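The values are calculated or read from the model by the stated rules, or taken from the named source; none is laboratory data. Please read these numbers as outputs of a predicted model, since none were measured by experiment. As a convention, Cβ positions derive from the backbone with ideal geometry for all residues, glycine included, and neighbour counts pool all protein chains shown. Calculation scope for accessible area: heavy atoms of the full protein, side chains included, ligands and nucleic acids excluded. Shrake-Rupley method; radii C 1.70, N 1.55, O 1.52, S 1.80 Å.
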Amino acid sequence: MCSGIRRRVYMGIRVTEMVVEKTFLENIISFNIRNAESEDLDSILEIESLSYEHPWSRSLIQGSLDNPKAFNFVAFDRPDRKVQGFILDLLLMDELHILNIAVNPLYRRCGAGSSLLETAVNEGQKLGVKAAFLEVRRSNITALTLYIKHGFKVIGVRRGYYSDNREDALVMKKSL
Ligand SMILES: CC(C)(COP(=O)(O)OP(=O)(O)OC[C@H]1O[C@@H](n2cnc3c(N)ncnc32)[C@H](O)[C@@H]1OP(=O)(O)O)[C@@H](O)C(=O)NCCC(=O)NCCS
């Protein structure tokens, strides 16, 4: 695959997708997905803190794991079963709301993010979910590219949504 920049426009909103070389790791690593459990808190917290400038707090992640409407999954690598990625979602009626997804930086671009996203969407669909929603920073090109690849479309913008830098959130939806 060649590196480069691709630009698209969704509903009048310009989106930039970055295309970069995949790492060699994708050929030698494979991930399994399972439901997240409360024992995964420390692993999730570690990946969270490696992934964001303003990570979720321990209590926020704990709350997300304990929420009865939670629909959370983790990705673990096959050799040592260590958790290398997670997706935190809510199932609200026939809607799946994706709140957070992150992969250990050392294991990115090996398919874990895709597997987590596909699992949440596919398992949700089995339970009657009709649409999946998420919000993403306008500048998060990596995540935008992942979501677009998996069929999400930009349906709106929340201006100044993120309190740290007043960045816009793009609202994305995938109809199932
Ligand atoms: C977004 C994230 C979860 C993706 O996880 P990942 O395991 O690296 O994703 P995958 O390997 O499954 O990649 C799937 C697709 O996403 C896109 N993608 C992933 N990383 C990319 C990168 N660095 N540049 C461009 N596109 C990228 C590609 O379309 C890729 O498909 P391809 O490899 O066939 O080209 C990961 O980068 C991450 O944890 N980021 C920090 C946390 C974050 O921003 N979360 C999103 C909050 S809204």
Seminar exercise, completed: For Ser139, the lone unmet condition from (1) surrounded by fewer than 19 Cβ atoms within 10 Å (Cβ to Cβ); (2) within 15 Å of the ligand (Cβ to nearest atom); (3) without any contact (Cβ under 8 Å) to a residue 24 or more places away in the chain is (3)
Problem set entry | Residue selected from the stretch 142-174 under the condition in contact with an Asp or Glu (Cβ under 6 Å, 6 or more places away or on another chain) and open to solvent by less than 80 Å² (accessible area, probe 1.4 Å), by the criterion farthest from Phe86 (Cα to Cα) | Val157
Problem set entry | Leading residue by the ranking (nearest to the chain's Cα centre (by Cα)) among those in the stretch 161-176 that are of a type in the set (Gly, Ala, Ser) and modelled with pLDDT of 95 or more | Ala169
Seminar exercise, completed: Listed by first then second residue, the pairs whose first member lies in the stretch 63-86 and is under 17 Å from Asn100 (Cβ atoms) and surrounded by 15 or more Cβ atoms within 10 Å (Cβ to Cβ), whose partner is at pLDDT below 95 and among the charged types (D, E, K, R), with beta carbons under 7 Å and at least 6 positions apart or on separate chains, are Gln84/Asp77
For this session: Would you be able to tell me the number of residues in the stretch 72-102 that are of a type in the set (A, V, I, L, M) and out of contact with any Phe, Trp or Tyr (no Cβ under 8 Å at 6 or more places or on another chain)?
Result: 4
Exercise. Looking only at residues in the stretch 98-110 that are surrounded by fewer than 19 Cβ atoms within 10 Å (Cβ to Cβ) and not charged (D, E, K, R), which one is modelled with the lowest pLDDT?
Worked result: Leu106
Exercise. Would the stretch 21-33 turn up any residue that is modelled with pLDDT of 95 or more and either open to solvent by less than 60 Å² (accessible area, probe 1.4 Å) or within 16 Å of the ligand (Cβ to nearest atom) (or both)?
Worked result: yes
